[in-house]
1. Could you run the Karplus curve 6.51 cos²θ - 1.76 cosθ + 1.60 with θ = phi - 60° over the range 43-48 and give me ³J(HN,Hα) per residue in whole Hz, x for Gly and Pro?
2. Find, among the GluC sites (Glu not before Pro) in the range 81-125, those assigned to loop by DSSP (not H, G, I, E, B) with at most 11 other beta-carbon atoms within 10 angstrom.
3. With a 1.4 Å probe and all protein chains left in place, how much accessible area per residue does the chain have, in Å²?
4. Tell me, what % of the accessible area of the range 300-365 is carbon and sulfur with a 1.4 angstrom probe?
5. Provide the percentage of antiparallel DSSP beta bridges, counting only those with both residues in the chain; round to the nearest 5.
6. For the chain, with a Gaussian network of springs between Cα atoms less than 10 Å apart, report the residue from ASN250, ASN228, ASN323 with the top mean-square fluctuation.
7. What residue among VAL81, VAL198, VAL297 has the largest mean-square fluctuation in a Gaussian network model of the chain, using Cα springs under 10 Å?
8. Please go through the range 259-357 and write out the GluC sites (Glu not before Pro) that DSSP classes as loop and that have at most 16 other C-beta atoms within 10 Å.
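The values are calculated or read from the model by the stated rules, or taken from the named source; none is laboratory data. Just so it is clear, the structure is predicted and the values come from calculations on it, not from any experiment. Don't worry about glycine lacking a Cβ; one is built from the backbone with ideal geometry, like all the others, and counts go over all protein chains shown. With ligands, DNA and RNA removed, areas are computed over all heavy atoms of the protein, side chains included. Shrake-Rupley method; radii C 1.70, N 1.55, O 1.52, S 1.80 Å.
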Amino acid sequence: MLVPYLELQPIHQKIQKELDGAYHMVMNRQWFIGGRADEQFEKRFAAYCGASSCVGTGNGLDAIRLILLAYGIGPGDEVIVPANTFIATVLAVSYVGATPVFVDGSLDTFTIDPERIEEKITERTKAIIAVHLYGRCAAMELICKLAKRYSLKVIEDAAQAHGAQLNGKRTGVLGDAAAFSFYPGKNLGALGDAGAVVTNDEELARMVRAYGNYGSYEKYVHVYQGCNSRLDELQAAFLSVKLNYLDEWNEERRRIAREYTKKIQNPKIICPQIPENEEEHVFHIYPVLVEERTDFVETLKRQGIMSNVHYPIAIMEQGAYANCREQVVDYPVTERICRQEVSLPLYPGMTEEQIEWVIACVNNF
């Protein structure tokens with residue numbers, strides 16, 4: 001049986017007419033950037049997150065970068081980041097000229113270990129980027145409490161956690177500002193690249209919008225050395241349609257995750273913990289740890305099951321970050337995740353037969 005790692009066709013087929021309608025709406029208006037579709041999605045997504053402001057961006061990396069720029073973070077400053085994350089989180093810090101400072105993760109959650117942050121804070125530290133990795137909320141209460149003590153900004157990288165909740169609040173309002181990616185494979189994905197900044201800080205939102213519009217509040221008047229990073233009308237229209245289904249799709253992800261966690265009984269496989277409050281996790285990724293990763297991946301592949309690895313090489317060990325190589329000390333959790341993590345197929349629209357086949361093959365390894 002064939003089980004793709006990710007398949008978008010099942011969800012897109014169900015809403016094909018609505019997506020077609022969104023396309024024709026934009027084409028009929030002939031307005032492609034900064035129009036009504038953008039405005040509608042920004043308002044709706046802000047409301048969904050429980051925030052006052054949402055600013056569309058070209059992608060998720062730009063969303064983080066624009067937040068940092070608007071906060072005035074740059075050369076000479078340090079930003080604390082998780083050692084285990086996708087490189088975009090760290091690239092955003094580098095793009096503004098600041099220095100990323102890496103902190104190991106927690107093996108219970110795979111997110112940044114809040115107990116290890118304080119030791120990395122210096123007089124140059126300006127912000128903490130908390131990544132809700134794989135769809136699980138980082139320990140935001142502890143992180144925000146620590147940040148307040150040192151007068152630091154807390155930025156959520158919520159690229160993998162659309163709709164996840166902590167104590168009744170959704171990602172987007174758990175820190176000072178949040179960056180979202182709407183890359184097609186995300187829980188809320190566009191049909192191309194797209195992103196957004198969500199915040200309750202209206203002045204920050206205003207500055208982010210200007211920075212992403214060539215540094216301009218007013219046409220041909222440029223206050224900042226900005227860039228071009230805006231959400232286009234087509235993607236905004238598609239996202240507005242898909243936002244209607246996000247909670248339903250997230251619940252389906254949780255259901256599949258519960259099935260995996262309950263039925264995978266192979267002692268060689270360590271499944272992720274499901275939090276007591278299941279809404280803390282939207283399972284963008286279902287990561288398992290297995291010592292014999294290469295054999296495991298190849299065994300699944302021979303049985304028609306595609307998997308992925310998030311992420312095989314730590315950022316500090318990438319050629320792009322050779323200048324951070326001295327930070328590669330005492331990161332046992334990140335090292336283990338890089339060495340052992342395998343992401344199993346999990347997406348809305350998986351059939352019961354596919355789910356049971358994955359479970360059976362994993363148990364038989």
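1. Once θ is set to phi - 60°, the couplings for the range 43-48 become 5, 5, 6, 4, 5, 4 Hz.
2. Those that pass, being in a loop and sparsely packed, are GLU123.
3. Ligands and nucleic acids excluded, the figure is 43 Å² per residue.
4. 53 percent
5. Taking every DSSP beta bridge with both residues in the chain, the antiparallel ones total about 60 percent.
6. Residue with maximal mean-square fluctuation among ASN250, ASN228, ASN323: ASN323.
7. Highest fluctuation of the listed residues: VAL297.
8. When the GluC sites (Glu not before Pro) of the range 259-357 are filtered for loop state and at most 16 Cβ neighbours within 10 Å, GLU276, GLU291, GLU292 remain.
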